[in-house]
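Since the structure comes first, as structure tokens, the remarks are kept for the end.
The values are calculated or read from the model by the stated rules, or taken from the named source; none is laboratory data. The structure displayed is predicted, hence computed values, not measured ones. Reconstructed Cβ throughout: ideal geometry from the backbone, glycine too, with neighbour counts over all protein chains shown. The area values use the complete protein model at the heavy-atom level, side chains included, leaving out ligands, DNA and RNA. Shrake-Rupley method; radii C 1.70, N 1.55, O 1.52, S 1.80 Å.
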Amino acid sequence: MSLPHAILTALLEKSSSGLELTRRFDRSIGYFWSATHQQIYRELGKLEADGLIRTLPAEQPARGQKKSYEVLPAGRAELARWSAAAQDPKPLRDALLLRLRAAAVVGTAGIQDDLRRHLELHERQLAEYREIEERDFPPGRDGAQDRLRHLVLRAGIDLETFWTRWLEHALEEFAELPDGA
């Protein structure tokens, strides 16, 4: 995935100013594709220069007025091309897993506390995703766009469920290790 495509997606869902876009990004796409506000603004400039988006004309031009952007046909075509293209899965790179592997050879001091901390973080994220699911996807909301957006949210729920279960299992394993392992 790339930031330009994430921005095109968000703008196709709703034309927005840069500030509105960064706020929406923080509340939705940012859960699975993060970007700083500076990166988003920089990318908006590139997308506009490439003819994929345009600034909407202001109703009353004023100095310092925020610009709103919309996707042009070329931007929609680029997003359609990109979303249809095949991509291989990315290999998992997680420092916690590497740290566990290192702990097997240098000792486990401190890692059990961090496993508990990670478990709390994943439990919180899982609870947040479930709240979003309850709020945004009530029974009967099954239009095509809603179903696809819900599918993305389900990926987050399933991933957080995996991590919470795995971390619970890891902590059980630690409880069974001999002292000084």
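In Å, the Kirkwood hydrodynamic radius of the chain over pairs of distinct alpha carbons? For the chain, inverting the mean 1/r across all distinct Cα pairs yields 19.6 Å.
Normalised per residue, the accessible area of the chain is 70 Å², obtained with a 1.4 Å probe and no contribution from ligands, DNA or RNA. By the rule of a C-alpha distance below 27 Å, with chain neighbours fewer than 8 residues away ignored, the lysines paired with Lys66 are Lys14, Lys46.
Within the accessible area of the stretch 86-163, the carbon and sulfur atoms contribute 54%, probe 1.4 Å, all protein chains present.
Once each of the chymotrypsin sites (Phe, Trp or Tyr not before Pro) sitting in a DSSP loop with at most 16 other beta-carbon atoms within 10 Å is removed, the chain keeps 34-181 as its longest stretch. Compared with the dominant principal axis of the Cα atoms in the chain, helix 144-176 is inclined by about 20°. Of all aspartates and glutamates in the structure, not one has an alpha carbon short of 16 Å from that of Lys90, not counting any fewer than 8 places away in one chain. Pairs of Cα atoms nearer than 8 Å and 6+ residues apart set the relative contact order; for the stretch 11-128 it is 24 percent. Annotation: amide H-H contacts under 5 Å for Ile53 (H modelled 1.01 Å from N, sequence separation of 5 or more, or interchain): Glu48, Leu72.
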